[in-house]
Structures are given as structure tokens and as C-alpha cells.
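The values are calculated or read from the model by the stated rules, or taken from the named source; none is laboratory data. Note that the structure is predicted; figures quoted are calculated from it, not measured. Cβ sites come from the backbone with ideal geometry, for glycine too, and all protein chains shown count toward neighbours. Please note that ligands, DNA and RNA were not included when accessible areas were found on the heavy atoms of the full protein model with its side chains. Shrake-Rupley method; radii C 1.70, N 1.55, O 1.52, S 1.80 Å.
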Amino acid sequence: MSSQSGLETGASSSATESSTAAESVLEAYALDRDDHLNAPAFVIRPDEVMAALADLRDEAGFDHCACVTAQQYEDRYETIYHLRSYADPTREVSVVVPTPIDDPVSQSVTPVFETANWHEREAYDLVGIAYDGHPDLRRILLPETWQGHPLALEYDRETPQIVTLSEHDSPTVAGEDGSEPETLFLNVGPHHPATHGVMHVKVVLDGETVVDADPDIGYMHRCEEQMCQQSTYRHQIMPYPDRWDWVSSGLLNEWAYARVAEDLADLEVPEYAQVIRTMGAELSRMAAHFIALGTYALDVHGEFTATFQYAFRDRELVLDCLEELTGQRMMFNYLRLGGVAWDLPEPREEFLEGVRDLLEDLPAKIDEYHDLVVTNEIFQARCVDTGVLEPDVAKQYGCTGPVARGSGIDYDLRRDDPYGYYDRLEWDVVTESAGDNYARLLVRMGELEESAKIVEQCLDVLEEWPEGDREIQSNVPRTLKPDPDAEIYRAVEGAKGELGIYVRADGTETPARFKIRSPSFSNLSVLPEIVRGEYLPDLIAAIGSLDCIMGEVDR
């Protein structure tokens, strides 16, 4: 792996290359520059944004619409499209689209990036920007009858809300002979164990075949972005990320906020603290994948006695280690800006030995899971060649994490946009090429082994670290007030994929805008594509294979 200085040089050259490539493409469109801290940003007219993004995708290789952020200023609305390259995520560009305060209408880019469909719906729902040409512009998190847009400056929190019941039409599709077959509209949910939370799927069936599926989300919307916007950078925001992907990914979530805030405030993190962060993050990834494995076996073939309980047993052993490290079993609140809250627990040797015991037993357990799940004929019948996600479709929907890697997309921010201590360790990115439900499970099982490799190497480093040089936090001011109008989008590789955060500062100790890009949100939006033409039971297998946590989808 390259040295840290080499990485910084590489990141700088990527930023320069990104700017040059974007400038050449956007010369005919750009009105102005509005650069962010991590990426060049170009201001584009709202009636030319679709053409501009299409050229960036086709001519400059920015084929990943990572995030869409909407916000309101005193004199305008603004949509920001954060674009990256799947081949090299350090190549980034932001396209800023302002709209007048009295006419917030912008061109939809859904024809260019299908993932913008859901992201623009959220921008319309929460901020109030309309997107001309959008194929389905309606609310996504709030009921259709909701009055006002909660993140708009003029929003009146005292407005009474009345949520009415409505009937659903039963859509039909024409048969091959031109006739209209009978279809059935089926409500799946709004609660189903495969969703790891509350979700409603509106399903249209032709017999037992899925004609269409429309995920209905928002049942667990908790206004996380708005709460972060009302909290201070230094002390109050960090406890919130644990609750996004609440299952086991707490330290991964915390690192997403730490990375963006530390870059925003130009904070250094001691190397020793980076090692602890990396170890804790991979333990969190293991805990998340164990629960994904166990619940998926339960979803697909009702395997509660062995696989489900074994997976929870092993997850509990991981959580034992995390509890010793952080003092909490799930909502850790262990990372601090500039480092971690405290050093490894004492007696130190006992903690290190306990984690090593966990890793030593893992290979035999992985073999056992292969016997119980991977080679299980019922499991194979349910998962092989079902829920197939083609690589091009995965990129169109902005899929990341095991969902994308299960379709052969070799994209992992730990390696491709390095942070923490990952660049100095030996490990592999796990990919599978089949793109089906089975492949996504294999990726998660492979990542369990790779995470164990990373943790073991971190233990070796921590064990040999000189006692007098164990710096856990850098010197961070008590109050952080980043420069006014500083903007940044940063991401880490969460258990579900790219977990990114956009922050705009206004010179105070609280963010003016705090946008969460959850991987589950984009991953779930691809569900209709992978279930059309499948049987109804395959729908449940597909939902579970996406491993979505609804607290992270809805935020």
C-alpha cells in the first residue's frame, strides 16, 4: 500500500484531473464556480442540468450520482448533484443548480441517473423544489396530504396535518395478444421481517408473477438531518449517527460524520487513534453482516433453529468486544472529532486476547455457515438466478456496498478513497459476478473473513505500539465554527455501502445544512428492477438480499 503522503498527492492530482475534465465538458453550461472543499463545483442553469450531467457521465466518466442535496437560502433554492466515478471515487465534481425563490423549478435528471428519481422526490418532499420532467414527482417520506415542506425556511411547524386514507388503483398490463389480464394489488407490509424495520411494498401481481413493486417508505422518518442542523459540531451531533443504521453499524456511522467534520474543520487524527477506529469499524461491519446472514436465512427458508440463532450468537460475541471498547452495546458514541473517546480497556492484554479468541474461532464458524446456508438446496433454489441486478442497472441506481459488489462492481471506499489505517493493511475487496440474491449473500460472507483479517492486523499494530506514544485525540478547539459557506461531501464505506454526508457551514457552531446519503436509500430504490417478472416469494428474497435498515433509509 502507498504511504499517506503518496495518497494525499494522489488525491490532489485526482481533484485537479476532475476539475480539468469537468471544465472541458461544462464550458458550454457553467455560469460560475462554487467549489466545495473536496471537489470542484459548477453552477448550471436549471433548464440545462440534464444535458450537463449527461455529458459529465458520457464524456468525463462521472457515472455515479452519489448524492443529491437540496437546500434553501434567503434568496434562492439550490440543488447539488454530487457526482463521482465508479472506477475512481476520488474523481468528484458537484453540479450546483440554483432556482429562484418564487419559482423553485429545476429540470429532473432522472433520465440520466435513475437514482435521482428518489433523491429528487425527497428534495421536493422536504425542501419544496419541483423537478420538471420527473416521472413520478410525489412525496416519498411524508404523506401526500402533508402541508408544507419541513426543511424550507418558511415552514410553519404549527400547521395542522390531516392524513386521510385513500384507495389504491390496481394497475394492469396488456397481454401478448393485446388483452388486459386480471391483476391483483397486494399490500406487503407495512411491516415485514425482511425489511429490518417498517416498510410497505405496493405489489401488482399477475397470478403469482410480480408485474410491479413500489416501495413505500417514511414510516420511521425521525428528522435526523434537522436535528443535526440544530446541534453543535463539537459535542452534540456525534450521538445521532449510531441511530441511523441502528443494527450494528454504529462506529461506521460515527466515522462518516467524523470524516466530514474533520475535513471541514481541518482537524488531524493521531495515527494510533486511526488504528483503533479501523479495528472498531470492522468489528461493527462483522456484527452487521452476522445479523444480515441470520435474518436472511430466516426470511428465505425459515431457518430459525440453527443459522439464525448461530448468527446472533456470533454477533453477540462481536458486541461483547465492542462493549468492552466503547462502554455501550449498540449506541456507542465512541468516536470523537480528532480521535476516539478513550484508549483500549484495561487490562489491555486481556482485551486484545479476547478479540483474538473471537477471530480464532471464526474460520470454523464460516465453514459451518457454508454448510448450513450456502450449500443448502432450499436456499439455492430460492436465491440462485433470482433478483438479478445487472451492473449497468446497479450504477444507474447508485447502488454501492455488497449490493453493487454482488454484481461485479469493484467499488469500495476503504481502498478507493482511503481513510483511517486501511491503506497500510493487507486485505481484499470481495466481489461476485452473478448479481443475484445468492451472490449478495456470498459477498457479505466473504467480507466477514476480510474484516477479520483487518481486525487481526490492527491488533498486531496496537499490541506493539509504544506505551508513551498512544495519542487518542488531537488538540481540538472546544467550539468549532467552520468558515462561512464552506461546503463538503465526504463518505465512508458503511456496512451497506457508501455512507456520505454533505455539510454547509454558515460561520456558527451548528451546520446550515446537514444531508445524509444513506446507502440503503439508493439500494432499496432498485427493488422494482430486480423483482419484475419474478414470483411473489422471490420478492421477499430480494428485499432481504438488499439488507436495508429502514432507520437508515428514512433517517
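Is it the case that E463 is farther than 30 Å from V526 by Cβ and not in a helix (DSSP H, G or I)?
In short, no.
Does E346 qualify as being out of contact with any strand residue (DSSP E or B) (no Cβ under 7 Å at 6 or more places or on another chain), at pLDDT 95 or above and farther than 30 Å from E432 by Cα?
no
Quick test for you: out of T386, T375, pick the one residue that is among the hydroxyl-bearing types (S, T, Y), touching a helix residue (DSSP H, G or I) at 6+ places or on another chain (Cβ under 7 Å) and within 24 Å of N437 (Cα to Cα).
T386
Give the number of residues within the stretch 377-399 that are touching a residue at least 40 places away in the same chain (Cβ under 8 Å), open to solvent by 40 Å² or more (accessible area, probe 1.4 Å) and within 29 Å of F304 (Cβ to Cβ).
6
Considering only the stretch 428-441, state which residues are of a type outside the set (S, T, N, Q) and open to solvent by less than 40 Å² (accessible area, probe 1.4 Å).
V429, V430, G435, D436, Y438, A439, R440, L441
Can you report the number of residues in the stretch 297-333 which are crowded, with 20+ Cβ neighbours inside 10 Å, at pLDDT below 90 and not in a helix (DSSP H, G or I)?
1
Considering every residue within the stretch 139-151, establish whether at least one is modelled with pLDDT of 90 or more, surrounded by fewer than 16 Cβ atoms within 10 Å (Cβ to Cβ), out of contact with any His (no Cβ under 6 Å at 6 or more places or on another chain) and assigned to a strand (DSSP E or B).
Within the stretch 139-151, not a single residue is modelled with pLDDT of 90 or more, surrounded by fewer than 16 Cβ atoms within 10 Å (Cβ to Cβ), out of contact with any His (no Cβ under 6 Å at 6 or more places or on another chain) and assigned to a strand (DSSP E or B).
Search the stretch 20-40 for residues being over 15 Å from A52 (Cβ atoms) and open to solvent by less than 40 Å² (accessible area, probe 1.4 Å), and hand back the single one that is modelled with the lowest pLDDT.
The residue in question is N38.
Hey, any hits in the stretch 286-296 for a residue that's open to solvent by 50 Å² or more (accessible area, probe 1.4 Å) and out of contact with any His (no Cβ under 7 Å at 6 or more places or on another chain)?
Checked the stretch 286-296: no residue is open to solvent by 50 Å² or more (accessible area, probe 1.4 Å) and out of contact with any His (no Cβ under 7 Å at 6 or more places or on another chain).
Restricting the stretch 108-134 to residues that are among the small types (G, A, S) and either open to solvent by 40 Å² or more (accessible area, probe 1.4 Å) or assigned to a loop (DSSP other than H, G, I, E, B) (or both), which is nearest to Y77 (Cα to Cα)?
The selected residue is G128.
Would you mind finding the one in E552, E529 that is of a type outside the set (K, R), surrounded by fewer than 22 Cβ atoms within 10 Å (Cβ to Cβ) and in a helix (DSSP H, G or I)?
The conditions single out E529.
Is it the case that the stretch 255-276 has a residue that's touching a Leu at 6+ places or on another chain (Cβ under 8 Å), of a type in the set (S, T, N, Q) and at pLDDT 95 or above?
For the stretch 255-276, residues touching a Leu at 6+ places or on another chain (Cβ under 8 Å), of a type in the set (S, T, N, Q) and at pLDDT 95 or above: absent.
Please identify the pairs in which a residue from the stretch 284-301 that is under 15 Å from V355 (Cβ atoms) has its Cβ atom under 7 Å from the Cβ atom of a residue that is polar (S, T, N, Q) and part of a helix (DSSP H, G or I), counting only partners at least 6 apart or on another chain.
R285/S451; M286/S451
Could you identify the single residue in P363, P345 that is surrounded by fewer than 23 Cβ atoms within 10 Å (Cβ to Cβ) and part of a helix (DSSP H, G or I)?
P363
Tell me which residues, restricted to the stretch 58-107, are in a loop (DSSP other than H, G, I, E, B) and crowded, with 20+ Cβ neighbours inside 10 Å.
F62, S85, Y86, P89, T90, R91, P104
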